[in-house]
1. What are the residues whose amide H is under 5 Å from the amide H of ARG110, where those residues sit 5 or more places off or on another chain and H is modelled from the backbone?
2. Under the Karplus relation 6.51 cos²θ - 1.76 cosθ + 1.60, θ = phi - 60°, what is the ordered set of whole-Hz ³J(HN,Hα) values for segment 18-32, x standing for Gly and Pro?
3. Once phi is turned into ³J(HN,Hα) by the Karplus curve 6.51 cos²θ - 1.76 cosθ + 1.60 with θ = phi - 60°, what whole-Hz value does each residue of segment 37-53 show in order, with x for glycine and proline?
4. Rank these for me by crowding, SER61, SER99, going from fewest to most other beta carbons within 10 Å.
5. Whose amide H sits under 5 Å from the amide H of THR52, counting only residues 5 or more places off or on another chain, with H placed in the peptide plane?
Amino acid sequence: MTVARFWRETPRRYNLGGNRCSACTTVYFPPRAVCPTCQKHRQSLGKMEPFTLSGDGEVFSFTLVHEAAEGFEMQVPYVLALIKTTEGPLLTGQIVDISHEEVHIGMRVRAAFRKLREDGRAGVIHYGYKFSPARENGGREAVASPVSQEALARAAARTQGTART
């Protein structure tokens with residue numbers, strides 16, 4: 001993925017920014033221009049509202065990855081899961097902070113802001129969401145909260161400075 005595309009997608013990656021249809025209230029991630037759930041799709045044009053997902057969910061399905069995609073070779077084996085969010089959308093994400101033997105369908109998880117990979121050629125570090133277990137007693141593990149625009153600007157400045165050296 002190019003650096004420009006990655007930065008354009010930053011709000012979605014860092015804050016789980018999706019949208020919701022104002023007609024039927026269905027939530028989508030990533031955002032859509034039209035709601036496919038509404039019987040008359042054209043009625044949803046211009047009625048999709050920005051919506052930030054909470055990051056809470058549960059493991060819907062998962063697999064243990066042994067042959068990683070480029071850039072993830074040092075992480076194998078790792079768990080890649082489909083997460084059913086409390087708002088409805090299914091998200092794909094890596095499960096972290098737990099051994100792969102302990103992951104199970106129905107396990108409560110919470111989105112966490114983490115390093116995804118590093119572009120070796122340019123030295124650009126890409127961040128995004130992964131999922132860590134939520135505590136069984138209703139509390140949550142310490143996870144990153146949504147990132148402020150100020151923090152994004154600081155991270156962009158550091159990354160751009162790193163890429164130039």
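1. SER132, ALA134
2. For segment 18-32, the Karplus-derived couplings read x, 8, 9, 6, 6, 7, 10, 6, 6, 9, 10, 8, x, x, 10 Hz, x marking Gly and Pro.
3. Karplus-based 3J(HN,Hα) across segment 37-53 equals 7, 5, 5, 10, 3, 5, 5, 8, 4, x, 10, 8, 9, x, 8, 9, 6 Hz.
4. With the fewest neighbours first, SER61, SER99 line up as SER99, SER61.
5. Answer set, sorted by chain and number: GLY18.
Since every read-out is calculated from the coordinates, none of them should be taken as a lab result. From a predicted model like this one, the values you see are computed outputs, not experimental measurements. Note that we place each Cβ from the backbone using ideal geometry, even for glycine, and neighbour counts take in every protein chain shown.
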